[in-house]
Amino acid sequence: MSFDKVHQETHGRLSKAVDDVCEEFVLSPEKMHELTNFFIESMEKGLGQAKEDADYRGLPMIPTYVTGLPNGTESGMLLAADLGGTNFRVCSVELKGNHKFSLLQMKSKIPEELLEDETVTSDALFTYLARRTLAFLNKYHPEYLQNGEKLKMGFTFSYPVNQTSLSSGTLIRWTKGFKIKDTLGKDVVKLYQKHLDDQGMSMIRVVALANDTVGTFLSHCYCSENNGSLTSGEIVEPVMGCIFGTGTNGAYLEKIENVKKLPDEQRAELLQSGKTHMVINTEWGSFDNDLKHLPTTRYDIDIDQKFSSNPGFHLFEKRVSGMFLGEILRNVLLDLFRRGLIFGQYTSEDHLPHRLTTAFELSSEVLSHIEIDDSSQLRETELSILQSLRLPTTYDERIEIQKLVRAISRRSAYLAAVPIAAILTKTGVLNKRYHGEVEIGCDGSVVEYYPGFRSMIRHALALSPIGPEGERKTHLCIAKDGSGVGAALCALVA
Ligand code: BGC
């Protein structure tokens, strides 16, 4: 057989295998409907689920004790701290009362050992957080250290927490890589406050605990100049905050009468005091942990079981969020290699570049370059894969890798549309007012930077039960600095 013929056949086999994999990542309109309906069912179940049921694996639907939304007129000077998937940020926020704010911040990358080392304790983590807080005050606000003036702080903690009041909550489980066992079941506000006190910062009072989605929701309400106002005849209303970054999650406003999991006396008390709604942190990363409806490939199973720090949980997040997009691609590529279809220059798996054989070494940023590469011979892709994985590729291989990247990101965005469509449908906000439109405050690296991610969500929304008409009324807005400003807003009302 001639060289050309062999080459064509090899590419043909790879191409066919890749098409089959891509097919598994497609979500049909019927599937979008099925998932959205199941999401609504799961929300209702979660709202009624007793907090103490340890065997419950469904949607957490956590009451946040935030019972009102800002309108942009709030003012004051507050502190905020934000522990996310990759960074810890401390900020001071000045709310100016006119939808505007100014913010000073110090951002630190969480040291690897706090994430990786299984022997690390809560004390080590919170000592580190307090130390960074002190560094921030020393740099930007030494006056508070000297005069001891009391300062309110909101703490954005972007992990599932059983919230018991606006200012307390116990960690249910870590996500996004943390493994510190002794934090489970502990009140994270108490831990943080203790270490602030120990390091001489008792003038700081941590008065509010907020998930990053709650912060994003509130800060979008504060900043949106459309909030409740008439814009060319329409009323635009912020209805949700969501994150598509390292992790994914969303928060929205629910009628208190529907939050059946609140103790009866507490619900009655809230209603009597005139409160009608409460922000719910859905923790949608944990949607369908029993895999009754989520599309599941063998790669998803492997990633969850072999490589993730919380097997069996947050299975929706593992198909959607930035932490996992690259890992899915890495697992597909290894499978194609094991089947003798790609990277034929390597004779065994031991010879592959170690970055390709190491979990979580392929970042979603690399996928974002490949997604939109239209350079001749896909040179951008070649460079990106070479730089990140030290892996040389042929043009034929790059064509197939690009197909895979696009299938993985599309599935992620289509799935991302499911909870949005479900919340819009369940709350009925799209039909609340004639010509009423809704805004969704979004934050996170994927929704902000992944090329086309927001348009893909929009396509999927149009295919979901809200249809093209609902999709047109829905605005996906980037809410910057959500967690800092949002936590400050929570602290303000505390
Ligand atoms: C966490 C959520 C968080 C989301 C986005 C998830 O892994 O469970 O609490 O809101 O990531 O940061």
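The values are calculated or read from the model by the stated rules, or taken from the named source; none is laboratory data. Predicted model, so just to flag it, every value in this text is computed and none were measured. Here Cβ is always computed from backbone atoms with ideal geometry, including for glycine, and neighbour counts include all displayed protein chains. Heavy atoms of the whole protein, side chains included, go into the accessibility calculation; ligands, DNA and RNA do not. Shrake-Rupley method; radii C 1.70, N 1.55, O 1.52, S 1.80 Å.
Taking L95, is it open to solvent by less than 30 Å² (accessible area, probe 1.4 Å), in contact with a helix residue (DSSP H, G or I) (Cβ under 6 Å, 6 or more places away or on another chain), closer than 19 Å to A210 by Cα and assigned to a strand (DSSP E or B)?
No: the conditions fail for L95.
Of all the residues that make up the stretch 311-338, how many are within 16 Å of the ligand (Cβ to nearest atom) and not charged (D, E, K, R)?
Qualifying residue count for the region: 12.
Can you pull out the residues in the stretch 301-323 that are open to solvent by less than 10 Å² (accessible area, probe 1.4 Å) and under 30 Å from T347 (Cβ atoms)?
Scanning the stretch 301-323 gives a single hit, I303.
Can you report the number of residues in the stretch 362-390 which are farther than 25 Å from S445 by Cα and in a loop (DSSP other than H, G, I, E, B)?
Adding up the residues that qualify gives 0.
For the stretch 399-419: of the residues being open to solvent by less than 10 Å² (accessible area, probe 1.4 Å) and of a type in the set (V, I, T), which is nearest to S368 (Cα to Cα)?
V405
Looking only at the stretch 460-494, count how many residues are part of a helix (DSSP H, G or I) and free of Cβ contacts under 8 Å to residues at least 40 places away in the same chain.
6
I'm told G46 meets every condition in (1) open to solvent by less than 10 Å² (accessible area, probe 1.4 Å); (2) farther than 24 Å from A491 by Cβ; (3) among the small types (G, A, S); (4) touching a Phe, Trp or Tyr at 6+ places or on another chain (Cβ under 7 Å) except one. Can you identify the failing condition by its number?
Unmet for G46, out of (1) open to solvent by less than 10 Å² (accessible area, probe 1.4 Å); (2) farther than 24 Å from A491 by Cβ; (3) among the small types (G, A, S); (4) touching a Phe, Trp or Tyr at 6+ places or on another chain (Cβ under 7 Å): (4).
Run E382 past the list (1) within 28 Å of S158 (Cβ to Cβ); (2) surrounded by 18 or more Cβ atoms within 10 Å (Cβ to Cβ) and report the number of the one that doesn't hold.
(1)
Does D396 satisfy the criteria of being surrounded by 13 or more Cβ atoms within 10 Å (Cβ to Cβ), assigned to a loop (DSSP other than H, G, I, E, B) and among the charged types (D, E, K, R)?
Taking the combined requirement at face value, the residue does not satisfy it.
Would you point out which residue out of K275, K190, K194, K260 is open to solvent by 40 Å² or more (accessible area, probe 1.4 Å), assigned to a helix (DSSP H, G or I), closer than 25 Å to M61 by Cβ and away from the ligand (no atom under 14 Å from the Cβ)?
Just a single option satisfies the conditions, and that option is K190.
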